[in-house]
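The values are calculated or read from the model by the stated rules, or taken from the named source; none is laboratory data. Nothing here was measured: the structure is a model prediction, and the numbers come from that model. Backbone-built Cβ (ideal geometry, glycine too); neighbour counts: all protein chains shown.
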Amino acid sequence: MKKNILLIIVVIVISTFLSGCMFLPKEDERLSPPIIESKATEYKTEAVSYGTVSKDVSAFGSFKPVNEIAYSFKYLGGTFLQFFVSKNDDIVVGQIIAELDTGDLDKDIRDSEIELKRAQLTFDRSVELYNNNQISEYDYQIAQLNYQKVLNSHNDLILIKEQSQIVADENGSISYLAPLEEGDQVTKGNLVFKIVLNNEMKLTCIGSGIYKFDSDMPVVIESLNFQTEGIITVSSHNSMVVVPNEFNEDWGIGTSVMVTQNLDTVENVLMVNQKAIKTFGGRTYAKILEDGVPIEKEVVLGQTNGRYYEVISGLVEGELAIIY
């Protein structure tokens, strides 16, 4: 009897447990991970082809004055007032170019002129009276000394005025103005402006690659939409002077131009874009795309124009060189 009761209880517990599981949420089926397809590598290519390779050398140059004079405030420093000219202006001897701020100096000079005139009249009158024995030598000398004192003071003011200005002592044109504005402080002896005599210019190129130029061969000079040839007149390891066959009216001091010389030209040669050429471990090779697969081919190269190499061996026409 007891065994039957125990069996009934076990059956009831199991039934209750199984019926409870029916109310649990049903699990979703596990999804398979997405399949990611690898993207094929894309290459930028350019076909190896026949053409002309020119070996050129180039350098930037600029026009500089043949004769140039630098000016500064030689005797005074102070507060800058103004320029009376602009860059490239033609100037003449005696023309005021720049000036320092001297405050009330002009008024002091005008007052000094009045005092000088008064002292001059007094002295002239003393000379007349002294010659007529109407005043003593003492009074005469006092008048003379007073006049000299006023004259010296006036001349000192005039000198300060002159030293506060820079006046051109040559005819020419303004090639440089210092970046000065009213109120800026100027030190005595510092460069304020430059003038070019006779507007003469020379084209000068400076750089480490100048030695590559051949002074016996002509050059091409280019600026904006103007082009002319020229010759090299002076040349050293890192600088040269070029004389253009003709001058552009827009050229001036400081104008930059490109100077190019063709050292050699080879025609109908196999060419490859220089971006396809690599060097590593003493090897020189080109990256070529064959059937969608990049491969390396060792090459022997000739001259270059800076964009393409002449191919001596290692490649054939039509092969696709990988340039990116």
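Quick notes on this structure:
- Single condition GLY78 does not satisfy, out of (1) modelled with pLDDT under 55; (2) assigned by TED's automatic domain parsing to the domain that holds VAL167; (3) not aromatic (Phe, Trp, Tyr): (1)
- From the options ILE135, ILE109, residue that is surrounded by 15 or more Cβ atoms within 10 Å (Cβ to Cβ), in contact (Cβ under 8 Å) with a residue 40 or more places away in the chain and of a type outside the set (D, E, K, R): ILE109
- Failed criterion for LYS87 (all others in (1) under 30 Å from LYS64 (Cβ atoms); (2) at pLDDT 95 or above; (3) of a type in the set (Lys, Arg) hold): (2)
- Residue in segment 160-182 that is loosely packed, with under 12 Cβ neighbours inside 10 Å and either over 28 Å from ASP90 (Cβ atoms) or in contact with a helix residue (DSSP H, G or I) (Cβ under 6 Å, 6 or more places away or on another chain) (or both) present: no
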